[in-house]
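Heads up: the structure comes next, in structure tokens.
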Amino acid sequence: MRGSENTRTEYTAGQLAISKILFEIGVPHNLEENFPPYRVDIFVPKFWVAVEYDGPSHTFKKKDAKRDDFLMQTYCLPVLRLNKFSPKEDVKLDIMEFLRKWESDIANRISSRNGV
């Protein structure tokens, strides 16, 4: 199971494309970070957020919503879900907007999760 903490997978083309965009905009990040019992595609420690790439065959919207809610409730970790890469500039703008949205709340979210 891909979301399992003990499983290691090859990076997908989507993960690598998102990673490249984050490098282009100067945002350090980690690929496949564990937040038990889940693993996120990309974790951005500076903003304390995650980015998930849902490929073309991805159809688990209810399960994803439950997972994203768990990550927010347990780790105060907002998740951006991306499922497209054209045009690339739109994806870059989506990522930048998501980071800006959560940037001002970092201290509150990190202090809230210290009990985890």
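The values are calculated or read from the model by the stated rules, or taken from the named source; none is laboratory data. Remember, predicted model here, so these are calculated numbers, not experimental data. Cβ sites come from the backbone with ideal geometry, for glycine too, and all protein chains shown count toward neighbours.
Where residues in region 1-43 are part of a loop (DSSP other than H, G, I, E, B) and basic (Lys, Arg), which of them is modelled with the lowest pLDDT?
First, pick out the residues of region 1-43 that are part of a loop (DSSP other than H, G, I, E, B): 1-12, 25-29, 36-37.
When the remaining residues are screened for being basic (Lys, Arg), the result is 2, 8.
Details: 2: 47, 8: 56.
The residue in question is 2.
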Residues located in region 36-77, provided they are hydrophobic (A, V, I, L, M, F, W, C) and closer than 24 Å to residue 10 by Cβ
40, 42, 43, 44, 49, 50, 51, 60, 71, 77
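Taking the stated definitions as given, is residue 77 in a loop (DSSP other than H, G, I, E, B), in contact with a helix residue (DSSP H, G or I) (Cβ under 7 Å, 6 or more places away or on another chain) and at pLDDT 95 or above? Talk me through it step by step, then tell me what you get.
On the way: in a loop (DSSP other than H, G, I, E, B): yes; in contact with a helix residue (DSSP H, G or I) (Cβ under 7 Å, 6 or more places away or on another chain): yes; at pLDDT 95 or above: yes.
In short, yes.
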Suppose we keep only residues that are in contact with a Phe, Trp or Tyr (Cβ under 9 Å, 6 or more places away or on another chain) and hydrophobic (A, V, I, L, M, F, W, C) within region 54-73. Which one would you say is surrounded by the most Cβ atoms within 10 Å (Cβ to Cβ)?
71
Just one listed residue, out of 51, 44, is of a type in the set (Val, Ile, Thr), without any contact (Cβ under 8 Å) to a residue 60 or more places away in the chain, within 17 Å of residue 108 (Cβ to Cβ) and crowded, with 20+ Cβ neighbours inside 10 Å, and it is 44
